[in-house]
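Here the structure is laid out as structure tokens; the discussion comes afterwards.
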Amino acid sequence: MLLMIVGLALFFLIHLVPTAPEVRRSLIERMGEAPYKIFFAVVSAIGLALIIYGYAKLHVTPGKNPVIWSPPAGMRHATLLLMLLASILLAATYIPSRIRSAAKHPMLAAVKLWALAHLLVRGDLASMVLFGSFLAWAIFDRISVKQRAALGPLGEKTGGLGGDIAVLVVGVGFYVAMLLWGHARLIGIALVPGWN
């Protein structure tokens, strides 16, 4: 559990920097913009690696990850639907479209849906800490970007029907790939038995 918590702390601490514009500005002035971006990416990657490794280790170590509650089997359907929406929003983060404009900050909306979807079907302590942390961070960050009037990675770019179609194709394609193969290969849990 400690490795995962250290990873979460690193990941969220570095992601708190953009929510404090003065701190971010000060770091960029001292480091330069390119070194700051590299530092941000490296710390984020280390945090993410520790999260993934720590979480995986908890699932193979008996007695280290107690089950807090047993989710009803029907929650799986809600999770599958929420993950489809999250995949589409994730694609909208980087493709100018009306979907992206309507969502305003699709990456944060995708993270919230992803975390909530997994909280609905995972009742073990590690999952509750992991997904609960990401849900809380995404809510906090959404409030922060609204206060700072931050525009996200695409700035003010907008798109039309072509962008919407691209978002849907990429989002649904990513969802299907994760459903059939990706989740089993990356996470170790097959969502559709026989396809991995």
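Derivation of every value follows stated rules applied to the coordinates shown; laboratory data play no part. Just so you know, these numbers come straight off a predicted model, no measurement behind them. Here the Cβ is made from the backbone with ideal geometry for all residues, glycine too, and neighbour counts use every protein chain on show.
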Every residue from the range 14-27 that is loosely packed, with under 15 Cβ neighbours inside 10 Å, in contact with a helix residue (DSSP H, G or I) (Cβ under 8 Å, 6 or more places away or on another chain) and among the hydrophobic types (A, V, I, L, M, F, W, C): 23
Matching residues in the range 178-191 - criterion: being surrounded by 13 or more Cβ atoms within 10 Å (Cβ to Cβ) and not aromatic (Phe, Trp, Tyr): 178, 179, 180, 182, 183, 184, 187, 190, 191
Test: residue in the range 139-156 that is closer than 20 Å to residue 56 by Cα, of a type in the set (D, E, K, R) and exposed (fewer than 15 other Cβ atoms within 10 Å of the Cβ): no
Filter result (within 20 Å of residue 73 (Cβ to Cβ) and hydroxyl-bearing (Ser, Thr, Tyr)) within the range 85-135: 127
